[in-house]
């Protein structure tokens with residue numbers, strides 16, 4: 001929900017705002033981007049008070065409703081076309097914490113160590129901050145700078161129990177009614193790391209903004225609709241309808257790079273301003289362009305959702321994101337995969353045909369099919385047709401067919417049959433108040449308990465089995481603090497536990513507390529005693545509660561969060577003022593014994609725990625191309641190859657029969673780790689280069705036979721393709737030995753392959769010097785595994801791969817490359833490039849040089865990447881030995897970026913083709929590149945032919961300049977000469 005987050009910007013003093021400042025423009029390219037970035041030249045307070053944005057001037061910009069009026073009948077009849085405002089949440093089915101819920105309670109629910117993405121308004125840069133640090137900043141009255149939390153998705157934390165999205169959202173949200181239920185249930189991690197995400201985790205957000213925050217105009221990612229509830233504070237929205245004209249203007253405004261100079265509301269005909277206060281709820285439909293200002297410190301809950309009543313606009317927004325080159329991490333996760341699941345679910349419900357390859361146990365939560373003809377709304381029918389056309393327009397590498405989809409071609413055929421059957425449906429008969437895709441049945445207590453066990457896995461079950469017999473006391477059940485927000489509220493009467501309480505009359509199976517009343521800071525019982533001295537928290541003998549007065553001072557006992565032993569710190573030789581306690585739970589710490597033995601499994605690498613989870617989801621691996629979003633272990637058709645697996649150093653894929661064995665091996669290793677203070681050595685299955693063929697004596701007949709002559713055979717083998725060479729290796733043992741000769745494999749082209757473990761093994765055994773992996777599905781772990789085993793590699797091409805994969809180039813194991821091709825790498829922007837070119841964060845014995853592993857590059861290609869002038873500056877700073885540089889088709893490269901290249905003293909070849917923003921000023925900068933011998937300026941429309949000819953004439957090295965207009969002019973001159 002990064003698009004919903006409020007960017008921060010301070011409002012100057014009112015007196016200063018009234019002074020009209022004159023905008024100064026300069027062509028001084030030496031000014032750094034960071035010196036001018038983030039400064040607005042328009043006066044924000046004027047936009048807040050301007051009468052032209054009053055809603056009274058416009059009609060149809062929003063509609064005020066009551067909760068009961070918003071139901072599925074309204075959605076089937078009108079769709080979600082305009083923003084909806086609700087003065088209170090009654091009737092919406094929305095559940096949020098009470099008004100006394102604070103940022104401190106948020107910290108308690110998500111954890112003090114939860115890392116937040118925070119934006120600094122002055123630099124417009126993101127930084128990491130823990131929840132504990134954020135609370136301290138938020139509550140500090142004297143703020144030195146303005147910061148704002150961009151996004152905090154809190155699903156799978158304690159906070160999710162206190163927030164429930166509106167009832168209508170739960171009825172239509174594709175995550176709930178379309179995405180495979182067993183995949184969503186498999187979610188473990190509470191953070192939003194894509195590699196741990198099993199479904200689009202965008203349903204519940206908490207936004208914490210301080211006074212003065214401002215979010216510029218934007219459209220929420222993937223065309224999602226948004227529900228937005230103000231718990232504390234207030235918000236001011238500017239709303240613009242998503243007409244064709246407005247979306248075109250918005251796209252031009254984003255690409256212009258002048259957002260800080262132009263207030264987008266001034267460019268459109270309709271822009272209305274609406275103010276929200278605490279208790280109000282706002283629905284923003286698909287595609288609406290909006291900006292947000294925070295007049296006072298605020299705490300907001302919200303969520304994003306895709307639905308079937310705005311499909312066409314959702315797809316249009318996705319295309320706008322593609323044109324404006326929005327980075328993949330800021331888009332809707334698994335957007336394309338979701339579209340496939342939407343088609344499958346409609347076909348399954350309306351035609352009774354399932355295209356999912358899942359087990360019977362996973363089918364129990366599928367939506368049942370209708371047994372009679374159901375009329376479909378025009379929103380849905382036209383939307384399904386639009387999805388098919390959208391998927392058809394995507395290139396094959398971006399279709400992202402889910403792994404669970406058996407036959408996508410058959411699915412598309414069934415969708416066409418569905419549309420043909422329902423194209424004459426009566427729109428009025430479709431307004432029934434009943435969804436075509438009903439949500440799956442709610443989880444029972446048994447289901448929730450089963451999920452709880454699955455999610456916790458074996459981590460908690462394996463904690464200190466050997467220690468339980470040694471403990472003097474069992475774990476003490478904590479009691480309510482009776483002070484937090486949860487303890488002071490009433491039962492919600494809506495959650496599954498409250499419903500079971502009514503069902504069983506408050507006894508029997510109903511032993512769980514209401515989800516909304518689970519204490520945030522449970523206390524140790526007053527009868528708890530120290531394991532060593534047997535005294536309570538006030539150094540008194542434990543006494544029964546009857547007749548005992550409760551002490552006012554806090555208890556000095558500490559309970560270990562791992563082994564649950566309760567002791568006084570001083571009883572084990574520690575000073576109570578020097579120990580580190582748990583900020584999220586009173587009287588809680590990690591005892592010295594557990595700390596020294598490393599028993600805190602939550603601090604161990606995530607892949608060691610995640611391996612079992614991934615295996616349990618999919619037992620077999622397929623080999624479809626990897627896309628950007630698939631780095632998240634998405635359920636898509638792609639290889640599950642993980643060469644850097646925590647328990648296997650070889651590039652192997654576990655067979656279906658080995659799944660249980662792998663799980664048992666992992667559990668055994670975790671038990672050994674928990675009960676031993678020694679670090680374990682991972683087992684290795686080493687993949688070594690192919691040894692040289694043995695020297696064998698041959699008889700005279702074989703020596704005279706050229707078929708066995710190594711020199712002759714190798715001379716022929718050098719002209720064969722990889723496939724033909726592998727076939728020749730099957731002829732005989734002699735040819736098999738010859739086929740592994742290193743001279744045949746100096747260059748290895750694996751472009752357009754769907755890489756699997758056998759391919760990676762072949763690459764390592766051949767030890768190429770030049771490796772081409774263009775348009776493959778290689779990911780970060782696979783590439784890191786390869787680079788660590790190819791020390792002789794000097795040329796690497798990753799053209800068309802994903803940005804997540806190329807991040808492996810930063811590791812210290814990367815060989816000293818001389819040529820690198822990263823052209824058309826998806827979502828390769830300035831941030832990713834800086835990360836790649838920066839010094840490696842890891843290390844290994846024997847490496848003294850801590851600088852970038854790519855500093856020896858002489859040839860670099862970045863054609864078609866999403867770079868700006870800042871990215872060029874990173875190149876100049878880190879790669880001083882560059883001789884050849886390809887920056888073609890970089891749409892945001894300007895003259896200022898080219899000016900940075902003058903620092904490259906060895907630059908001999910430069911490709912700037914199709915860089916539309918370059919002007920003749922570029923030639924003035926390039927005149928300082930004395931070593932330049934070749935320059936490509938094709939399709940640079942703002943550079944004239946005369947300027948190019950004049951520039952080439954001044955070169956000292958017979959400069960060769962390639963320009964379309966110049967080539968055509970030379971052809972014309974040659975034709976005229978031949979005619980005469």
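Computed from the coordinates by the stated procedures, all read-outs in this text should not be read as laboratory data. Computed from a predicted model, the values in this text were never measured in an experiment. Positions of Cβ are backbone-derived with ideal geometry, glycine not excepted, and every protein chain shown enters the neighbour counts.
What to note about this one:
- At full extension, residue 423 and residue 243 could sit 62.2 nm farther apart than now, given 0.36 nm per residue minus the alpha carbon distance.
- Length-normalised contact order of the range 337-422 in % [C-alpha pairs under 8 Å, at least 6 apart]: 45
- At R0 = 35 Å, FRET efficiency that the Cβ-Cβ distance of residue 324 and residue 958 yields, to 0.05: 0.25
- Between residue 552 and residue 125, the FRET efficiency from the beta-carbon distance, with R0 = 60 Å, is close to 0.80.
- Estimated FRET transfer efficiency (residue 251, residue 77; beta-carbon r; R0 45 Å; 0.05): 0.90
- Whole-number D in µm²/s for the range 875-945 (Stokes-Einstein; Kirkwood sum over Cα pairs; 4 °C, 1.567 mPa s): 108
- Ellipsoid equivalent to the range 14-333 - semi-axes via the Cα gyration tensor, in Å: 30, 25, 21
- Length added when fully stretched, residue 877-residue 950, from 0.36 nm per residue minus Cα-Cα: 23.3 nm
- Each Cα pair under 8 Å and six or more residues apart adds its sequence gap; the mean of these over the residue count of the range 14-333 is a relative contact order of 23 percent.
- Two-site label geometry, residue 115 and residue 719: point separation in nm, points 7 Å out along Cα→Cβ: 5.6
- Viscosity 1.306 mPa s, 10 °C: Kirkwood-radius Stokes-Einstein D of the range 337-422 over Cα pairs, µm²/s: 117
- The range 107-250, Cα convex hull volume normalised per residue, Å³: 156
- You can think of it this way: the chain between residue 729 and residue 540 has 59.7 nm of extra reach, that is 0.36 nm per residue less the Cα-Cα gap.
- Label point distance in nm, residue 920-residue 571, each placed 7 Å from Cα along Cα→Cβ: 8.8
- Percent of Cα-Cα distances greater than 21 Å, calculated over the range 172-271: 54
- Over the range 225-272: Rg over Rh, Cα atoms, Kirkwood Rh: 1.05
- With distances taken between every two different alpha-carbon atoms, the range 195-339 has a Kirkwood hydrodynamic radius of 16.0 Å.
- Simple spin-label estimate for residue 90 and residue 483 in nanometres, 7 Å along Cα-Cβ: 3.4
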